[in-house]
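K.L.:
What follows is a structure written as structure tokens; I'll ask about it next.
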Amino acid sequence: MSSLNSVLEKHKYDVLVIGAGGAGLRAAVEAREAGLSVAIICKSLFGKAHTVMAEGGAAASMGNVNDNDNWMVHFRDTMRGGKFLNHFRMAELHAKEAPDRIWELETWGALFDRTKEGKISQRNFGGHEYPRLAHVGDRTGLELIRTMQQKIVALQQADGREFGDMESKIKVFAECTITEILKENGKIAGAYGYWRETGEEVLFEAPAVVIATGGVGKTFKITSNSWEGTGDGHALALKAGANLVDMEFLQFHPTGMVWPPSVRGILVTESVRGEGGILTNSEGERFMFKYIPDVFKDKYADNEAEADRWYEDQDNNRRPPELLPRDEVARAINSEVKAGRGTEHGGVFLDVSKRIPAEVIKKRLPSMWHQFYELAGVDITKEAMEVGPTCHYVMGGVEVEPDTAAAIGVPGLYAAGEVAGGMHGSNRLGGNSLTDLLVFGRRAGAGAAEYVKSAGANPVSDSTIKAAADRIEAPFSRAGGENSYSLHAELQEVTHNLVGIIRTRTEIEEAIAKIADIRARSKNVAVAGGRKFNPGFHLAFDLDNMLLVAESTAKSALLREESRGGHTRDDFPGMNNTWRQVNHISSFDGNQVNIKAQPLPMLPKELFDLFDVHELEKYMTPEEIAKGGSN
């Protein structure tokens, strides 16, 4: 520890929320409204959450544009998108509660786009049967975060009036890295970390911790994630004794910009395809018609005429194949590029300019038009974009109890948003992430509040504090060791080349060996200089987190001998209905990640009966079909 315990900065709260994106802020609101004191910790500046990158909208079956929509249709779409590997209870809660969370957000000040009738407008998106995404142009995530910040400020103002101090009951701690979740007597006791600007250490004591840290994209070389996406929450949970579920499933968003370099990796929202954008290869062929899987052939048009008619008459035509779930579109683009029909920069073309007028594009997709025109000189109202798959989202995450978002096996620990697993199965539908973080952020805040009221305080011991402080100091006490930047670059090459969008046994085994080697060498990472403004210091801890995430992904990917959603095995190219019954659970023994197979909870009869049995036969074994659900 850089300072004696007597001068260590300490804070005490009822609930500690790590992460200030949509899930973290929604959890904080719920816990504060339950009467508890709440600390919100963010690694970056308050408001610079990855949630703001979500452009297309928030999926909720409000039925404002097509009144055939309801929670049951949304549930079916979510399960289909996840290839039926979703935890059914999470998908059910999400589909049922998403509309309430959107209407709630509106009462808190969110300014959604409207229909002609004055209702919240909803747009089409891949995998959703009806127009379902409530949106604010193409900056919905930004509006969500703005609204949640406004709500946090409103709570602080109320506390100011009641207690004379606006930050007395809910406070934001920005630019703070948490290095360890602390436990005493087997239960959560708080968290330990340091201020990124000064390197000074800080202790937060709290009997409940909500992890809402987002994704893991920086583990990969090409990603849409910003610098914060280093898998901190996944790794913190593992180290605290929690499990991760199904870490083999990574979503490679099909349309990240591949050219020009100034915008490489930046997402082109699915709304571009929802508004009529088409994908073509270097030969000018609209190739997606070749890649419609058998399970989707009754829902997607197999010819251009019908696909084009769908934009005018959605009740009597099948959807364009450009709106297939993201995993299908990403694999199709990958196949075209591998077959030599890609652009010279390794992508394909996405063009919306030929279908809708320039003024309409600027109105419906203002951020898309503006950012690519300003940053790269690409005018999407006049020309096609060059796009390709980019690591975007992790479906795997902390194993939680669906109703409370409580992490399995660690009393007092909760997880919500992208860091939690189970909700999206093997593939997430676009638009489901924003309502996921609202639905389960609220549930995590409520679960944590209920836990604190029954469990009470759990003080942190001096020995626990000293151990956490020693681990922060360790990189400074080594001399002539490994460089964290070099190791991070090596790790990104390994994940990109060996556990990326297409995988084989040989490659995954090679990845596991290389990750183990990097992990061994990372124990010798040395940090030069002091703690102030030292990015090498930050990366030393980020690297450790990313190595744990990558090991979980590679080992889970090796065991799953099939292709499903965000996991494609070249040596096992088909889906296997037996594998659908299995979750992979990652745990950490202090030295390595271990994986075990765990049975997936079976659909209860009332949810089983929402599907045509012939559709379920595509995903389930004859024995499962014969049972007809779990009760």
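The values are calculated or read from the model by the stated rules, or taken from the named source; none is laboratory data. As the structure is a computational prediction, the values presented were derived from the model and not from experiment. With ideal geometry, Cβ positions are generated from the backbone for all residues, glycine too; neighbour counts draw on all protein chains shown. The protein model used for the area step is the full one, side chains on, heavy atoms only, and it has no ligands, DNA or RNA in it. Shrake-Rupley method; radii C 1.70, N 1.55, O 1.52, S 1.80 Å.
K.L.:
Using the Cα centre as the reference, give the magnitude of the dipole from point charges on the C-beta atoms of the stretch 255-391 (Lys, Arg: +1; Asp, Glu: -1; all else neutral), rounded to the nearest 20 debye. Write out the running numbers ahead of the final one.
P.N.:
Numbers: 19 positive and 24 negative charges, 51 e Å.
In debye, rounded to 20, the stretch 255-391 gives about 240.
K.L.:
In the stretch 507-543, which residues have a backbone nitrogen under 12 Å from the label point lying 7 Å from Glu197's Cα in the Cα-to-Cβ direction?
P.N.:
Only 533 pass the distance filter.
K.L.:
Scaled to the compact-protein estimate 2.2 N^0.38 Å, what is the alpha-carbon radius of gyration of the stretch 390-523, rounded to two decimal places?
P.N.:
Working: Rg = 19.5 Å, N = 134, 2.2 N^0.38 = 14.1 Å.
Working it through for the stretch 390-523, the quotient is 1.38.
K.L.:
Sticking with this structure for a sec: Taking a point 7 angstrom from the Cα of Glu175 along the C-beta vector, which residues in the stretch 527-563 have backbone N less than 19 Å away?
P.N.:
Label zone hits: 530-542.
K.L.:
Here is a follow-up. Would you give the gap between the C-alpha center of the stretch 238-258 and the C-alpha center of the stretch 47-124, rounded to a whole Å?
P.N.:
What the calculation gives is 22 Å, centre to centre.
K.L.:
Oh, and also: If r is the Cβ-Cβ distance from Lys299 to His11 and R0 is 45 Å, what FRET efficiency results, to the nearest 0.05? Present the calculation step by step, with values, prior to reporting the outcome.
P.N.:
On the way: r = 52 Å, r/R0 = 1.16.
That gives a FRET efficiency of 0.30.
K.L.:
Say the dipole of the chain comes from +1 at the beta carbon of Lys and Arg and -1 at that of Asp and Glu; which of His584, Ser486, Pro459 then lies farthest toward its positive end?
P.N.:
Pro459
K.L.:
Additional query: With the cut-off at 1.5 for a/c, could you classify the stretch 255-391 from its C-alpha gyration tensor as rounded, prolate or oblate?
P.N.:
On the way: a/c = 2.00, a/b = 1.23, b/c = 1.63.
It is oblate, given that a/c is not under 1.5 and a/b is not larger than b/c.
K.L.:
What's the angle, to the nearest 10 degrees (0 to 90), between helix 88-107's Cα axis and the longest principal axis of the chain?
P.N.:
With both axes taken from Cα atoms, the answer is about 80 degrees.
K.L.:
Just to be sure I understand the model, the point goes 7 Å from the Cα along the line to the Cβ. What's the resulting Ala516 to Glu401 distance in nm?
P.N.:
Taking the simple label geometry, Ala516 and Glu401 are separated by 3.6 nm.
K.L.:
Among Thr381, Asn497, Ala23, whose Cα lies farthest out toward the positive end of the dipole of the chain, if unit charges sit on the beta carbon of Lys, Arg (+1) and Asp, Glu (-1)?
P.N.:
Ala23
K.L.:
Now for a separate question. Regarding the stretch 1-83, what are the three Cα extents along the principal axes, ordered largest first, in Å?
P.N.:
Each principal axis gives a Cα extent; for the stretch 1-83 these are 63, 29, 25 Å.
K.L.:
Can you give me the angle between helix 326-338 and the longest principal axis of the chain, using Cα atoms only, in degrees from 0 to 90, rounded to the nearest 10?
P.N.:
Between helix and principal axis, roughly 70 degrees.
K.L.:
Related question: Output the antiparallel fraction of DSSP beta bridges having both residues in the stretch 255-391, as a percent to the nearest 5.
P.N.:
Percentage antiparallel, nearest 5: 90.
K.L.:
Within the stretch 255-391, what whole-number % of the accessible surface is contributed by carbon and sulfur, with the 1.4 Å probe and all protein chains included in the calculation?
P.N.:
On the way: 2680 of 5760 Å².
The value for the stretch 255-391 is 47 percent carbon and sulfur by accessible area.
K.L.:
What's the extension gain from Glu285 to Glu374 if we count 0.36 nm per residue and subtract their Cα-Cα distance?
P.N.:
Working: separation 89, 0.36 × 89 = 32.04 nm, distance 2.93 nm.
Using 0.36 nm per residue and subtracting the Cα-Cα distance, I get 29.1 nm.
K.L.:
Another question, then. So if I place +1 on the C-beta of Lys and Arg and -1 on the C-beta of Asp and Glu, and nothing else carries charge, what would the dipole magnitude of the chain be about its Cα centre? I want it in debye, nearest 20. All intermediate terms of the calculation are to be shown ahead of the outcome.
P.N.:
Details: 72 positive and 88 negative charges, 144 e Å.
Roughly 700 debye for the chain.
K.L.:
Simple spin-label model, 7 Å along Cα-to-Cβ: Asp100 to Gln149 in nm?
P.N.:
2.9 nm
K.L.:
On to the next question. Name the longest site-free stretch of the chain, where the excluded sites are trypsin sites (Lys or Arg not before Pro) in a DSSP loop with no more than 12 other beta-carbon atoms within 10 Å.
P.N.:
On the way: sites that count: Lys116, Lys297, Lys354, Lys382, Lys523, Lys532.
Here the longest segment lacking exposed loop sites spans 117-296.
K.L.:
Oh, and also: Quick check for you: with a 1.4 Å probe and neighbouring chains kept, what is the accessible area per residue of the stretch 255-391, in Å²?
P.N.:
On the way: 5760 Å² over 137 residues.
Heavy-atom SASA per residue in the stretch 255-391 reads 42 Å².
K.L.:
In debye, nearest 20, what is the charge dipole magnitude of the stretch 411-491 about its Cα centre with +1 on Lys and Arg Cβ and -1 on Asp and Glu Cβ, if you could check? Write out the running numbers ahead of the final one.
P.N.:
Working: 7 positive and 8 negative charges, 62 e Å.
Dipole about the Cα centre, nearest 20: 300 debye.
K.L.:
Express in nm, to one decimal, how much length is gained between Ser226 and Asn631 on full extension, taking 0.36 nm for each residue of separation and deducting their alpha carbon distance.
P.N.:
Computed gain between Ser226 and Asn631 is 141.3 nm.
K.L.:
So if each residue of separation counts as 0.36 nm, and I subtract the Cα-Cα distance between Lys362 and Ile408, what length gain in nm does that give? Working shown, then result.
P.N.:
Values: separation 46, 0.36 × 46 = 16.56 nm, distance 4.63 nm.
Full extension from Lys362 to Ile408 adds 11.9 nm.
K.L.:
Then there is this: Which one, Ile145, Phe163, Gly127, is farthest towards the positive end of the dipole of the stretch 110-170 when Lys and Arg carry +1 and Asp and Glu -1 on their Cβ?
P.N.:
Farthest along the dipole direction, towards plus: Gly127.
K.L.:
Among [x] 10; [y] 7; [z] 17, find the value of percent of Cα pairs over 50 Å apart that was calculated from the structure presented, and write down its label.
P.N.:
The listed entry that was calculated here is [y].
K.L.:
Please list, by residue number, every one of the GluC sites (Glu not before Pro) in the stretch 164-266 that is coil in DSSP and has at most 11 other beta-carbon atoms within 10 Å. Let's see the in-between values first.
P.N.:
Values: sites: Glu167, Glu175, Glu180, Glu184, Glu197, Glu200, Glu201, Glu205, Glu228, Glu248; in loops: Glu167, Glu175, Glu197, Glu200, Glu228, Glu248.
In loop regions of the stretch 164-266 (DSSP not H, G, I, E or B), there are no sparsely surrounded GluC sites (Glu not before Pro).
K.L.:
Take Glu490, project a point 7 Å from its Cα along the Cβ direction, then tell me which residues of the stretch 507-530 have their backbone nitrogen under 17 Å from it.
P.N.:
510-527, by backbone N distance to the label point.
K.L.:
Now for a separate question. Roughly what % of DSSP beta bridges within the chain run antiparallel, to the nearest 5? All intermediate terms of the calculation are to be shown ahead of the outcome.
P.N.:
On the way: 48 of 73 bridges.
Of those bridges, close to 65 percent are antiparallel.
K.L.:
Right, here's the next one. At q = 0.13, 0.16, 0.18, 0.29 Å⁻¹, what base-10 log of I(q)/I(0) does the Debye formula yield for the stretch 87-156 when every alpha carbon is treated as an equal point scatterer in vacuo?
P.N.:
Values, matching the q order: -0.44, -0.65, -0.80, -1.31.
K.L.:
Pick out, in residue order, every one of the GluC sites (Glu not before Pro) in the stretch 556-631 that is DSSP loop and has at most 15 other C-beta atoms within 10 Å; say none if there are none. List each step's numbers first, then the result.
P.N.:
Values: sites: Glu561, Glu562, Glu606, Glu615, Glu617, Glu623, Glu624; in loops: Glu561, Glu562, Glu617.
Here the sparse-neighbourhood loop sites are Glu561, Glu617.
K.L.:
If you don't mind, there's one more thing I want to ask. Here is the link list: Lys151/Lys362; Lys596/Lys618; Lys116/Lys354. Which ones come out longer than 28 Å on Cα distance?
P.N.:
Numbers: Lys151/Lys362 30 Å; Lys596/Lys618 26 Å; Lys116/Lys354 26 Å.
Pairs exceeding 28 Å: Lys151/Lys362.
K.L.:
Under 24 Å from the Cα of Lys221, which lysines turn up, not counting those fewer than eight places away in the same chain?
P.N.:
By straight Cα distance, Lys221 reaches Lys43, Lys48, Lys338, Lys514, Lys523, Lys555.
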